[in-house]
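Presented below is the structure to which this report refers.
The values are calculated or read from the model by the stated rules, or taken from the named source; none is laboratory data. Everything numeric in this text was worked out from a predicted model, so none of it was measured. Neighbour counts run over all protein chains shown; Cβ positions are idealised from the backbone, glycine included. Calculation scope for accessible area: heavy atoms of the full protein, side chains included, ligands and nucleic acids excluded. Shrake-Rupley method; radii C 1.70, N 1.55, O 1.52, S 1.80 Å.
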Amino acid sequence: MNGQARGTLSQTDLHLHSSVSPDGEISPRGLAELCCQCGVTLAALTDHNSIAGTEEFIWRSAQLGVRAISSIELDCTFGDRTLHVLGYGIHIADMTLLHALQEVQARQKAVGMRLLDMVEALGIRFDRERVLDLAGDGAVCAELIAIDALSHPENQQHPLLKPLLEGDALAACTPLQFYQTLCTPGKPAYVPVEYMTAEQAIQLLHDAGGLAVLAHPGASLSNPTLPDALMQLPFDGIEAFSSYHTAAQAAGYAVQAQARGLLLTGGSDFHGRSKPDIRVGAIDWLGRENEMRVAFLPAVSDLLHSGRH
């Protein structure tokens with residue numbers, strides 16, 4: 001990843017995924033324990049389109065002295081581009097939010113079954129039952145297929161996978177590389193999902209009492225300057241500090257956010273085995289972690305009392 005050196009950890013990580021996310025690995029409880037072990041004192045579980053693990057994460061975090069924020073990451077679209085919007089301080093019992101999440105999850109499960117067929121049709125070997133078992137009650141994603149497919153030696157000669165391998169070692173290919181090579185737009189196993197628009201995602205988070213923050217723009221947008229049309233939407237903040245951002249990118253996004261009066265946030269986007277290079281708390285805050293906390297925590301706290309959204 002382009003962020004900081006792996007040896008430096010921060011006390012704040014506002015972008016974490018548990019096993020509730022289709023591509024996550026560690027249980028919400030286990031993730032809270034990992035945060036504590038890594039010295040993180042302020043954390044946010046931002047599972048994809050789900051708050052199913054939030055109560056467990058907050059409960060275990062409180063036991064361990066970690067302050068946890070009720071949060072989520074929504075998949076959405078802006079024009080023909082897929083974006084992610086982070087929600088902080090949301091009311092997890094909000095019925096409108098829960099209904100919208102149920103609809104997204106149902107669509108993702110249907111797409112997951114089509115994805116299994118698409119990858120299989122490419123001649124890539126994997127154990128369908130094992131993949132479904134890994135998914136549990138959630139949707140199948142490319143990373144779960146990869147976990148099994150990369151354990152089959154016969155796949156190392158597959159023409160689509162061979163360019164990813166080092167010395168014919170399947171272990172050198174990560175689930176994320178598998179996903180990027182086969183299942184992103186324009187790739188042979190891409191299956192589109194119908195997501196809400198970015199405007200709808202922001203409104204949903206605001207109606208649920210939360211802040212709406214644009215996630216890792218360096219990973220989602222090709223231009224380092226945030227598009228004016230996108231920034232006309234009522235975001236509350238920008239995730240300037242990310243495992244995906246170089247120091248120069250992070251500084252640039254911070255300047256753009258502050259010029260618009262938006263909050264700065266940051267997070268690792270930890271998932272576990274699907275993104276093995278990313279560790280909990282591994283964010284370069286460019287010396288601005290305390291500044292961020294001083295602004296972010298009151299903003300979240302104010303939402304609980306003001307009913308602003």
Which of Leu14, Leu165, Leu176 moves the most in a Gaussian network model of the chain with Cα springs under 10 Å?
Leu165
So, in nm, how far is label Asp302 from label Gln200 when the simple model puts each one 7 Å beyond its Cα toward the Cβ?
3.0
Amide N of region 141-161 lying under 16 Å from the label point, which is placed 7 angstrom from the Cα of Arg114 along Cα→Cβ:
141-142
For region 211-283 versus region 101-152, the gap between their alpha-carbon centres in whole angstrom
28
Mind telling me which of Met113, Met292, Met95 comes out most flexible in a GNM of the chain, alpha-carbon contacts under 10 Å?
Met95
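Normalised by the number of residues in region 41-166, what is the relative contact order in percent for Cα pairs under 8 Å and 6+ residues apart? Can you show the working numbers first?
Details: 139 pairs, mean separation 21.3, N = 126.
That works out to 17 percent.
Run through the DSSP bridge list for the chain and note the antiparallel percent, rounded to the nearest 5.
40
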How big is the convex hull of the Cα atoms of region 91-162, per residue, in Å³?
93
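Run the accessible area of region 64-140 with a 1.4 Å probe and give the carbon-and-sulfur part as a rounded percent.
50
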Where does the Debye-calculated log10 I(q)/I(0) of the chain sit at q = 0.09, 0.11, 0.14, 0.15 Å⁻¹, using only Cα point scatterers of equal weight, no solvent?
-0.43, -0.66, -1.08, -1.24
Could you grab the relative contact order for the chain? Cα pairs under 8 Å, six or more apart, rounded to a whole percent.
24
Accessible area in square angstrom per residue, the chain, 1.4 angstrom probe:
43
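Quick one: Cα convex hull volume of region 211-309, Å³ per residue? Show your work: numbers first, answer last.
Values: hull volume 11.3 nm³, N = 99.
Normalising the Cα hull of region 211-309 by residue number yields 114 Å³.
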Most fluctuating residue given options Asp236, Asp133, Asp228, as computed from a GNM of the chain linking Cα atoms under 10 Å
Asp228
Given a cut-off of under 8 Å on Cα pairs at least six residues apart, what relative contact order in percent is computed for region 201-245?
49
With 0.36 nm assigned to each residue of separation and the Cα-Cα distance removed, Trp59 to Arg273 gains 74.6 nm
Pull out the extension gain between Arg107 and Ala247, defined as 0.36 nm times the separation in residues minus the alpha carbon to alpha carbon distance; nm, one decimal.
46.7 nm
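Sort the following peptides by mean Cβ neighbour count (other Cβ atoms within 10 Å, averaged over residues), highest first: 177-187, 208-218, 72-82.
Descending mean neighbour count gives 208-218, 72-82, 177-187.
Which FRET efficiency, nearest 0.05, do Ala121 and His99 yield, Cβ-Cβ r, R0 41 Å?
On the way: r = 34 Å, r/R0 = 0.84.
According to the calculation, E is roughly 0.75.
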Once you have a ≥ b ≥ c as the square roots of the Cα gyration tensor eigenvalues for region 9-142, tell me rounded if a/c is under 1.5, and otherwise prolate or oblate according to whether a/b is larger than b/c.
prolate
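Extension gain Ala295-Asp137, at 0.36 nm per residue separation less the Cα-Cα distance, in nm?
Working: separation 158, 0.36 × 158 = 56.88 nm, distance 3.76 nm.
Fully extending the segment from Ala295 to Asp137 adds 53.1 nm.
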